Structures are given as structure tokens and as C-alpha cells.
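One structure below.
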Amino acid sequence: MSSDQGTLDAGTPAESVLESATARQFVTALRTLEERGELDDMVALSTDATRWWSVGPDDEATGPDGARQFWERYRRSFAEIGSEFSTVTETPNRVVLEWTSRGSHHNGSPVRYTGATVLELDRADTLAGVRLYYDTAATMVAAGRSSSGEGEGMLDESTTASGRNSGLSS
């Protein structure tokens, strides 16, 4: 497996072009998390050694518990969020997904930002690591913060304190 599926046509689901079963499961789990707030499918992709990493302060975790905390923090950052994949590149050990996410913050302001997710796969097509790169300034400005890089990334005070309106299922 080594392919550059390239730019996806509008409306083409990323999972329809991915060869890696784990990458397809990741995209499906992300959609479930964003749409319904359910974390279990994403957590199930993690082994004890899977590393989860994202730009921003303190955004690194390991294993299933780390995955739960990592993705819960992501989902609680927005009242609503959805990602559309625009480009897919795949090799035997790595999948790169470029995307645009749109939604709203808890204060009602819209959010739109772009980024890329790198999935690291082992020989058994098991998820070894996930790295997220995105425009942190766009998420902070939309939440009413400066783009100085100071603060707590996408989280706003009401979210860190209570998680209300997070979209996470109980």
C-alpha cells in the first residue's frame, strides 16, 4: 500500500478511499465523536503504547486512558464541530489526512480552522501514534482570545470548569 489519493472531491468521504482499515476506523470514530459525542470507538483504537499528540500546551497522552482524555478535551472545546477531509496520502506505515473543521464555540462564535492528522501505523496496521497539526491562532481568535499563543488553546473558561454544552454523551 502506497498511494497518494490526493485531493478528494467535495462530498467524497475519506473512508471510501483509505486502504488501511485502522485509518478508516479512525475517520469513522472521529465522525462519531464530533456528531454524537461518543468516545468509545476512538478509545478502542488505542493500545497501551499508542501516543496521542497535538499542538498546544499539554496536549500529549498515551494509551486508552490518554486517548479518552485527549479526545474529551478536543470535543469539549466546541459546542458543535465537524471535520471535512480534503486530501488523503497513505503509505504502509503512515496516513496523512488534511481537513477543515467548522462549528461553533460555547460562546456562540463560529469556528473554522484547517489542519492535518498524521496516523502512524505499525506492521499489523495498529495505531502506534496520532499527531494533530492545526491553526491554533484561528481557534483562539474565534473564541475571543488574542492570537498571541497565550492561554489554553481551544478551551474557554466555561468549558474547563464545567464541560457544559460540550456535546459529549454521558
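Compared with the direct C-alpha span, the chain from residue 48 to residue 36 gains 1.8 nm at full extension, assuming 0.36 nm per residue. Ordered by the count of other Cβ atoms within 10 Å of each Cβ, fewest first, 96, 43 give 96, 43. Global dimensions of region 9-111 from alpha-carbon coordinates: Rg and Dmax equal 13.9, 42 Å.
What the Cβ-Cβ distance of residue 124 and residue 7 gives, at R0 = 25 Å and to the nearest 0.05, is a FRET efficiency of 0.25. Extension gain, residue 131-residue 109: 0.36 nm per intervening residue step, less the Cα-Cα distance, totals 5.3 nm.
Since every read-out is calculated from the coordinates, none of them should be taken as a lab result. Please read these numbers as outputs of a predicted model, since none were measured by experiment. Here the Cβ is made from the backbone with ideal geometry for all residues, glycine too, and neighbour counts use every protein chain on show.
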